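Just below is one structure, and these are the notes that go with it.
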Amino acid sequence: MLLPVPVTGDVVIHIYSFQQLITMKTQPFVLSILFIIASVTGLQAQKATNEFPKKETIAVWGECGMCKSKIEKAAKTAGATTAVWNEDSKQLAVAYYPNKTNAAKIQQAIAAAGYDTKDNSATQAAYDKLPGCCHYERKPASAQQPAEKQP
């Protein structure tokens, strides 16, 4: 509450009550502390969910070094943070954050690039677009398409 105290002439001095003086000086400090606490809590929550990427190994058919680059690029495009395909073992080692992608999405992207994976098969059209050196022995037809339900 402001208490005007008249002084000679037109000059007026305002005297602040002690409570207002304390509130005015501490309010920015308290708000700053609350902002810092909220920021730190938010960062810790984000760090807890993203701290450790999930690592998996996925079987991917392919033949050559060109296949390696295409498979790894497709996996990274689908959200993998790292992707390393071994040409000899036909295994793709991937790491990804589960809140951004998953193994199914990564395999779908690889299949869309023309390569069969353990759970997804490339369409014939995508496979046919691969360079000749990348044509590999495809999975058996029964493994490429899910069995039809019998009535």
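The values are calculated or read from the model by the stated rules, or taken from the named source; none is laboratory data. As the structure is a prediction and not an experimental result, all values here were calculated from the model. Note that we place each Cβ from the backbone using ideal geometry, even for glycine, and neighbour counts take in every protein chain shown.
Worth pointing out:
- Restricted to the range 93-112, and to residues there that are over 15 Å from the mean Cα position of the chain (by Cα) and either more than 14 Å from ALA122 (Cβ to Cβ) or β-branched (Val, Ile, Thr) (or both), the residue that is surrounded by the fewest Cβ atoms within 10 Å (Cβ to Cβ) is ALA93.
- Failed condition for ALA93, given (1) part of a helix (DSSP H, G or I); (2) modelled with pLDDT of 95 or more: (1)
- Cross-chain or 6+ apart pairs with Cβ under 8 Å, the range 105-133 first and on the phi > 0 side of the Ramachandran plot, then surrounded by fewer than 18 Cβ atoms within 10 Å (Cβ to Cβ) and among the aliphatic types (A, V, I, L, M): GLY114/ALA126
- Of residues in the range 45-54 being modelled with pLDDT under 75 and surrounded by 10 or more Cβ atoms within 10 Å (Cβ to Cβ), the one farthest from GLY79 (Cα to Cα): ALA45
- The single condition among (1) at pLDDT 95 or above; (2) within 20 Å of the chain's Cα centre (by Cα) that TRP85 does not satisfy is (2).
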